[in-house]
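The values are calculated or read from the model by the stated rules, or taken from the named source; none is laboratory data. Since the model is a prediction, treat every value here as computed from it, not as a measurement. Cβ placement follows ideal geometry from the backbone for every residue including glycine, while neighbour counts extend to all protein chains displayed. Only protein heavy atoms, including side chains, enter the accessible area calculation; ligands, DNA and RNA are left aside. Shrake-Rupley method; radii C 1.70, N 1.55, O 1.52, S 1.80 Å.
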Amino acid sequence: MTATTQDHDDLAYDVFAKACPSRGTLEHVTGRWGGLTLGALYEGSLRFNELRRRVDGVSEKMLSQTLHALERDGLVHREAQPTNPPRVDYELTALGRQVAERLLALIQCVEGSMDDVLAARTRYDETRGAL
């Protein structure tokens, strides 16, 4: 075991610590495009343009960057088919499915609470506007 491997194995991950590598992964997962991409891929394997249509509003550049980050983190698998033109499919890894399940629970909670959120926004805006 090398010193680097030993250091890595002894590391207690703490997302609140600035230098912790889990912080970057959390940012990839919870960022706007990362969360939506993982949620869309939970439905099944998608090609790039299918995914881009599903994640409405994401640019080609941002989706590409997001997929690269999620693939690097081991959450997304990219499968390139040797066809002409090339076909590339994206799907969640086992870890990606675990993360996406938790994200989808959060998404469902937010969507189910939007009436309360919108009412709170109205109250907040009315209070702030009255000052």
- [ ] Please work out the average accessible area per residue across the chain, using the 1.4 Å probe convention, and give it in Å².
- [x] 72 Å²
- [ ] Go ahead and collect, in residue order, the members of the stretch 85-112 whose backbone nitrogen is under 19 Å from a label point 7 Å along the Cα-Cβ direction of Leu26.
- [x] 96, 98-107
- [ ] Can you tell me the 0 to 90 degree angle between the C-alpha axis of helix 114-130 and the longest principal axis of the chain, rounded to 10?
- [x] 50 degrees
TODO: Tell me what the chain gives for mean residue ellipticity at 222 nm when only DSSP H runs of n ≥ 4 count, each as -39,500 (n - 2.57), the sum divided by the residue total, rounded to 500 deg cm²/dmol.
DONE: -20000 deg cm²/dmol
Task: Sparsely packed GluC sites (Glu not before Pro) within the stretch 39-94, loop by DSSP, other Cβ within 10 Å at most 15 - done: Glu43
- [ ] Quote the accessible area belonging to Leu104 in square angstrom, nearest 10, computed with a 1.4 Å probe and with ligands, DNA and RNA left uncounted.
- [x] 40 Å²
- [ ] Hey, can you grab everything whose amide H is under 5 Å from the amide H of His77? Only 5+ residues off in sequence or another chain; H modelled, so Pro and N-termini drop out.
- [x] Glu91, Leu92, Thr93
Task: ³J(HN,Hα) computed for each position of the stretch 76-82 - Karplus, 6.51 cos²θ - 1.76 cosθ + 1.60, integer Hz, glycine/proline x - done: 10, 10, 9, 10, 9, 9, x
Task: Most mobile of Ala80, Ala94, Ala40 in a GNM of the chain (Cα contacts under 10 Å) - done: Ala80
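Taking Cα pairs under 8 Å and at least six residues apart, what relative contact order does the chain come out at, in percent? The partial results should precede the final answer.
Details: 110 pairs, mean separation 27.0, N = 131.
Once normalised by length, the contact order is 21 percent.
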TODO: Summarise the accessible area of the chain (1.4 Å probe, protein heavy atoms) by the percent that is carbon and sulfur.
DONE: 53 percent
Task: [x] 19.4, 71; [y] 19.0, 65; [z] 17.2, 55, with the label sought being that of the calculated Rg and Dmax of the Cα atoms in Å - done: [y]
- [ ] Report the residue, chosen from Val29, Val76, Val117, that carries the largest GNM mean-square fluctuation when the chain is represented by alpha-carbon nodes joined by springs under 10 Å.
- [x] Val117
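Assuming R0 = 25 Å, can you tell me the calculated FRET efficiency for the pair Glu71 and Ala12, based on Cβ-Cβ distance, to the nearest 0.05?
It comes to 0.45.
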